[in-house]
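The values are calculated or read from the model by the stated rules, or taken from the named source; none is laboratory data. As the structure is a computational prediction, the values presented were derived from the model and not from experiment. Ideal geometry is used to build each Cβ from the backbone, glycine not excepted, and the neighbour counts take in all protein chains shown. The protein model used for the area step is the full one, side chains on, heavy atoms only, and it has no ligands, DNA or RNA in it. Shrake-Rupley method; radii C 1.70, N 1.55, O 1.52, S 1.80 Å.
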Amino acid sequence: MSVEQEKLLVVKDLATTFHTAGGDLPAVGGVSFDMERNQTIGIVGESGSGKTVLSRTIMGLQQRTNVTVTGSVLLSGFEMVGASEDDKRKRWGTEVAMIFQDPMTSLNPVMKVGKQIDETLRVRLGMSKVDAKARAIELLELVGIPSPQYRYDAYPGQLSGGMRQRVVIAIALACSPQLLLADEPTTGLDVTIQAQILNLLEELKERLEMSVVLVTHDLGVVATRTSRIIVMYAGRIVEIGSTREVFAGHRMPYTRALLESSPKVSNASHTRLTTIPGRPPNLLKLTDGCSFAPRCSYATDKCRVERPELQAADEPGHMFACWNPLPKTRRTVRK
Amino acid sequence: MTETREPLLKVSDLVVTFGMGRHQVAAVAGVSFEIYEGETLGLVGESGCGKSTTGKALMRIVEPSSGTIELDGTDVIAQKGKALRNIRTRMQMIFQDPISSLNPRRRIKDIVAEPLDCWKSVTGDERDVLISDLLTKVGIDPKVYGNRYARQFSGGQCQRISIARSLAMRPKLLICDEMVSALDVSVQAQILNLLEDLKHEYGLTLLFIAHDLAVVKNVSDRVAVMYLGRICEIGPADTLYEAPAHPYTKFLLGAALEADPDSPVHGEVLGGEPPSPLNPPSGCRFRTRCPFATEKCVEIEPQLEEVAPGHHVACHYPLTISKK
Ligand SMILES: Nc1ncnc2c1ncn2[C@@H]1O[C@H](COP(=O)(O)OP(=O)(O)OP(=O)(O)O)[C@@H](O)[C@H]1O
Ligand SMILES: Nc1ncnc2c1ncn2[C@@H]1O[C@H](COP(=O)(O)OP(=O)(O)OP(=O)(O)O)[C@@H](O)[C@H]1O
Ligand code: SF4
Ligand code: SF4
Ligand SMILES: [Mg+2]
Ligand SMILES: [Mg+2]
């Protein structure tokens, strides 16, 4: 086995383009990264930066028409891009599973939650009815749902948002996947419930020896829960590195802007926030230059015509895409 | 905030109940607070605790079942007809969903002028100048965008337009309900800074409702924490965040995630979920999740009491507070 095959996930030059009425929309524009086993990696970026499309493309879930996917996604050595539905289906659930952004839409509202877990187990693992029910109750218990026997018969609408998200996690974990893609698993939940769900994911990751991709727009969620972070902007990775390095030693101006514009609990009241002028670009009208250039205070002529590729920073594994990177100083996050 | 000032808004024992089938739910179950002129009071708490209902009751978008609301010495609840509409112009509310709260088929400058046109208080050229001025203040060029329709704008721009509209009648009190929750951080920062600037320029007093604890800390002078229809703690923002005295506040703040890998990993996570407001627990409403609950908490409902100047807590056993 080559080194490449040992890796859980190797993504190379992955691009997803939607062919829309308004033209070609490069939602993911050439993304490369890889992932070790038993790791949690965070993908952060603002709305529309391509986080969901990237996760769905890794999973091999895309609409059948009006989309072109190029590049490569090796999942434990298996090429997902261009694979047949049958081949992908064999891997869904067991090798890779996904938690979707909106828990309400990923559950069937007119089917008992227990039955929804059962179905996954019977279809994917060929379990008998009796075994599947027993296992489903076990899974409900595993994700911390009180009185699982009784909740087995509940409909999604009868559960709170936090409990529905636990059910979604139970379904994703039903066939013990090696890689879990969690797309905004706690967005819309209260902070106390968010903390419960994030703790649950961390605990399950350890217990089941899986790897997790934690997709979020909330920097607070990834700060203490991941070992590596990918920062996305307009469909591309603009910075990637260890969580600590991305927070404290980032080189790309957008990363800094993103960190500085977030209000902090530890700041005094009425602390003036640093803002980035404007908003993210229209993906239908991307130029050849750096897509952050119209909002970047360091932009030069070169930035507007030539796109910076990812280049290595000092720390191994830390890369950034910028022509005029921030100096190599360690910034403290705390004020 | 130690000087003795007259409150602009004084809310006492506010109760709002909704009928749910044969049952009554007290979404707001006896809430009292004051907001002083020129300050921002933050209102936080988990989903369903009654934050929006409190804001809507102040505006009388929903009718309070009991209690009193005084704005600048006027009893808001006693007002009817024209007088009610009149007092409503002194309070304005901005909602979470910026796009759906603006009529997509109207031009931006007419949306901003809605309250003026409704009252016919300012007309003709004077009106147009005022509208242009308001749009400029919120960072939207009236010459370029004034004639466009709301549906052509992004969430952040729509929220700027909502702000401009809310300022048209020169209100004294602005109620912001999750006004930045749907926005991306970079846009959120722009709107929060804008709000701070306009607050000073227009001499506004703010009730800032949000579930994001960092955002609330950033804009507020004082913060009130709600749980299941009641305020469990209220006090100066910096003190309350540094030394929360109510167990619920402590857990809530402990669960807030700081965008900092070196932030302490919070040990204790609050278990369970808030009970249904249909059937609130006896005694202290937090007792079903509180690790410090005793018999007394089951039997007696704690009332807000001052534990430090301006810092009130409703708990039989408030957490360590430096007793000055
Ligand atoms: N099926 C589709 N057809 C056309 N465009 C699409 C499609 N799905 C997504 N897009 C576009 O691709 C871009 C990336 O979308 P994506 O949902 O991945 O963003 P995101 O980073 O997940 O944002 P959010 O934080 O809002 O979830 C957006 O501009 C979006 O409008
Ligand atoms: N019109 C209504 N009819 C019946 N019940 C209602 C109505 N509006 C609100 N409620 C209930 O009142 C309680 C308080 O709701 P409210 O919207 O004030 O909460 P909130 O604190 O603003 O929550 P969120 O953070 O989710 O916005 C909830 O239990 C809610 O279900
Ligand atoms: S490449 Fe240029 S425009 Fe892009 S982030 Fe770097 S300095 Fe700014
Ligand atoms: S009164 Fe009792 S149950 Fe309520 S918060 Fe205080 S200690 Fe906990
Ligand atoms: Mg998404
Ligand atoms: Mg609300």
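Test of understanding: among A:274, A:243, which residue is polar (S, T, N, Q) and open to solvent by less than 10 Å² (accessible area, probe 1.4 Å)?
Details: A:274 fails: open to solvent by less than 10 Å² (accessible area, probe 1.4 Å).
On inspection, the qualifying residue turns out to be A:243.
State whether the residues of the range A:147-159 include one that is away from ligand 3 (no atom under 16 Å from the Cβ) and within 11 Å of chain B (Cβ to nearest Cβ). Outline the logic, then answer.
Let us first name the residues in the range A:147-159 that are away from ligand 3 (no atom under 16 Å from the Cβ), namely A:147-159.
Then keep just the ones that are within 11 Å of chain B (Cβ to nearest Cβ); that gives A:159.
Yes.
Take residue A:94 and tell me if it is under 25 Å from residue A:209 (Cα atoms) and either part of a strand (DSSP E or B) or among the hydroxyl-bearing types (Ser, Thr, Tyr) (or both). Give the steps one after another, and end with the answer.
Numbers: under 25 Å from residue A:209 (Cα atoms): yes; either part of a strand (DSSP E or B) or among the hydroxyl-bearing types (Ser, Thr, Tyr) (or both): yes.
Yes, satisfied.
For a quick check of your reading: which helices (runs of 4 or more DSSP H) sit entirely within the range B:165-276 and have at least 3 residues that are farther than 21 Å from residue A:217 by Cβ and not aliphatic (A, V, I, L, M)? Give the steps one after another, and end with the answer.
Details: elements: B:185-202, B:213-219, B:237-242, B:247-255.
In the range B:165-276, B:185-202, B:237-242, B:247-255 are the helices (runs of 4 or more DSSP H) which contain 3 or more residues that are farther than 21 Å from residue A:217 by Cβ and not aliphatic (A, V, I, L, M).
Output yes when any residue across the range A:99-106 is open to solvent by less than 60 Å² (accessible area, probe 1.4 Å), in a helix (DSSP H, G or I) and closer than 20 Å to residue A:180 by Cα, and no when none is.
yes
Only one of these is more than 16 Å from ligand 6 (Cβ to nearest atom), within 18 Å of the chain's Cα centre (by Cα) and more than 21 Å from residue A:262 (Cβ to Cβ): B:228, B:194, B:207, B:167. Name it.
On the way: B:228 fails: more than 16 Å from ligand 6 (Cβ to nearest atom); B:194 fails: more than 21 Å from residue A:262 (Cβ to Cβ); B:207 fails: more than 16 Å from ligand 6 (Cβ to nearest atom).
Going through B:228, B:194, B:207, B:167 in turn, the sole match is B:167.
What strands (runs of 3 or more DSSP E) completely inside the range B:1-85 contain at least 2 residues that are of a type in the set (Gly, Ala, Ser)? Give the derivation first.
Numbers: elements: B:7-20, B:23-36, B:40-44, B:66-71.
Per the criteria, B:7-20, B:23-36, B:66-71.
How many of the residues in the range B:121-145 are on the phi > 0 side of the Ramachandran plot and under 29 Å from the mean Cα position of the chain (by Cα)? Explain how you work it out, then say what you get.
First, the residues of the range B:121-145 that are on the phi > 0 side of the Ramachandran plot: B:124, B:139.
Restricting the remaining residues to those that are under 29 Å from the mean Cα position of the chain (by Cα) gives B:139.
Residues in the range B:121-145 being on the phi > 0 side of the Ramachandran plot and under 29 Å from the mean Cα position of the chain (by Cα): 1 in total.
Which residues, taken from the range A:278-314, are open to solvent by less than 80 Å² (accessible area, probe 1.4 Å) and within 30 Å of residue B:42 (Cβ to Cβ)?
A:278, A:280, A:295
Being touching a helix residue (DSSP H, G or I) at 6+ places or on another chain (Cβ under 6 Å) and of a type outside the set (A, V, I, L, M, F, W, C) is the filter; apply it to the range B:154-197 and report the residue that is surrounded by the most Cβ atoms within 10 Å (Cβ to Cβ).
Residue satisfying both the conditions and the ranking: B:159.
Consider only pairs whose beta carbons are under 8 Å apart and that are at least six residues apart or on different chains; among these, list those whose first residue lies in the range B:44-58 and is within 14 Å of another protein chain (Cβ to nearest Cβ) and whose second residue is of a type in the set (Asp, Glu) and more than 16 Å from ligand 3 (Cβ to nearest atom).
The qualifying pairs are B:46/A:190; B:47/A:190; B:51/B:177.
One line per residue, one yes/no per condition, for (1) touching a helix residue (DSSP H, G or I) at 6+ places or on another chain (Cβ under 6 Å); (2) at pLDDT 90 or above; (3) loosely packed, with under 13 Cβ neighbours inside 10 Å:
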{"residue": "B:109", "(1), (2), (3)": "yes, yes, no"}
{"residue": "B:115", "(1), (2), (3)": "no, no, no"}
{"residue": "B:119", "(1), (2), (3)": "no, no, no"}
{"residue": "B:123", "(1), (2), (3)": "no, no, yes"}
{"residue": "B:129", "(1), (2), (3)": "no, yes, yes"}
{"residue": "B:133", "(1), (2), (3)": "no, yes, yes"}
{"residue": "B:138", "(1), (2), (3)": "yes, yes, no"}
{"residue": "B:142", "(1), (2), (3)": "yes, yes, no"}
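Identify, from the list A:32, A:55, A:49, the residue that is within 16 Å of ligand 3 (Cβ to nearest atom) and among the hydroxyl-bearing types (Ser, Thr, Tyr). Steps first, please.
On the way: A:32 fails: within 16 Å of ligand 3 (Cβ to nearest atom); A:55 fails: within 16 Å of ligand 3 (Cβ to nearest atom).
None of the others qualify; the one that does is A:49.
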